[in-house]
Structure formats: structure tokens, C-alpha cells
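Enquirer: Input: one structure, supplied below.
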Amino acid sequence: MEAIVILSIIVLAFWYLTASLIGRWYNARVAQRCCEARRRLGDAASLYMDLICDGLKIGLYIRRPPWDNPLNLVAFYILRRKPFVIARFEVDVDLGVMDASRAGSGERVGPYYFNNTSTPRAIARDLLKIAESVDAWRISTAGRRVQVMWEGTDCRKAVDGVRIIVTRLRELNK
């Protein structure tokens, strides 16, 4: 019995060490593929980066399956969790406060459930059309700050989505 416990501890320690080293290597490669990364922090299952893309500052968080921990990995799939990317950035105009998600409660606007506290309806509808065009799962605003969430782990898709959102909002405000 003691041998089984000791062997389990050795296997788990090897798993954690290997996953950590692979995660560091993988995070460095992901950071190189997006934009100019000013800072990056992460572990084997997640990565946060401060990016500068064409003069636009983007905070990007990527959450992958927790393959650094075998117990959490099993739970992740049993509970049907999904990996995601969240981008935070600022725009030139005050958008008010709103939240819209493809799941949840609130007023149905296109594919989103919309909760609004101060965003003018016309701006909210335009913003939700833009979010739908970039396949965003969720979008939230607070003044000039915007947070957008996508399913998956593709940082390029998120960066391109942010660029499209910023460009189209600038066009709407001309």
C-alpha cells in the first residue's frame, strides 16, 4: 500500500513539473504569435499578456484546460467547461455600462441576452452587431473600457476582433 502512495506522489510530481515546463515554453510561443507583448504572466493552464497592437493597448487573458493538474483536468471535462480568451481595451467614446452574453438572462437582442444600465439603445445595438460579426461570446462596457470574451484559445482571433471593434466604433462616431 505504501508503494502505491509513493508511486502516486512521484507520478503527480512528475506530471506537475513536466506540465509547468511545457506551459512556460508554450506561453512564450503564444506571446510571440500575437502582438508585441510588453508583459506576460502565466502557468500551464492560463496566460495574461499586456499587448501593444498597432498602437492599441490590449490586456489579453487566455484560459486553457488545466492540464497541469490531472484531477482538475478530469473535472474540467466532466463539468463541460470551455477554454476562453478575454480581451480588455479602451475606446475613444464613453459607451456607458452594459453587459451582453450569448447565455443568461435579460432582453434578447440578436444572439445576445442584453443587460443595460446606461448605454443608449442605438449604441448598444450597433455594438452588439459588431460583437456578433467578430463571433464574441460576451461583451461588457464600463465607460470607455470594453471587455470581450471569445470561446477557444486563439489570441490572433481576439486581437483581430478588438481591432475590428475599435475601427467600427471610430467609424460610427464620425
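Bear in mind these aren't lab numbers, they're just calculated from the coordinates by the rules spelled out. In this text the structure is predicted, and so the values were computed from the model without any measurement. Virtual Cβ from ideal backbone geometry, glycine too; neighbours counted across all protein chains shown.
Enquirer: With the crude spin-label approximation of a point 7 Å out along Cα→Cβ, what separation in nm comes out for ILE22 versus TYR113?
Expert: With each label placed 7 Å out from Cα toward Cβ, I get 3.6 nm.
Enquirer: With only Lys, Arg, Asp and Glu charged, each at its Cβ (+1 for the first two, -1 for the last two), find how big the charge dipole of segment 1-57 is about the Cα centre; round to the nearest 20 debye.
Expert: 260 debye
Enquirer: Rounded to the nearest 0.05, what FRET efficiency do ALA3 and LEU71 give with R0 = 22 Å and r taken as the Cβ-Cβ distance? Could you check?
Expert: Calculated transfer efficiency: 0.55.
Enquirer: Also: Cross-link partners among lysines for LYS82, C-alpha distance below 27 Å, same-chain residues fewer than 8 apart left out?
Expert: Leaving aside lysines fewer than 8 places away in the same chain, those within reach of LYS82 are LYS57, LYS129, LYS157.
Enquirer: Another one. About the Cα centre, and with charges only on the beta carbon of Lys, Arg (+1) and Asp, Glu (-1), how big is the dipole of segment 2-172? Nearest 20 debye, please.
Expert: 140 debye
Enquirer: Across bins of 5 angstrom width beginning at 0, how are the C-alpha pair distances of the chain distributed, in whole percent?
Expert: 1, 8, 15, 17, 16, 13, 10, 7, 5, 3, 2, 1, 1, 0, 0
Enquirer: Across every pair of different alpha-carbon atoms, what Kirkwood hydrodynamic radius in Å does segment 22-87 reach?
Expert: Here the Kirkwood hydrodynamic radius works out to 12.6 Å.
Enquirer: Along the positive direction of the dipole of segment 1-137 (beta-carbon charges: Lys, Arg +1; Asp, Glu -1; about the Cα centre), which of GLY55, ILE4, ASN115 reaches farthest?
Expert: Value computed over the given set: ILE4.
Enquirer: Based only on other Cβ atoms within 10 Å, what is the fewest-to-most ordering of SER8, SER46, SER118?
Expert: SER8, SER118, SER46
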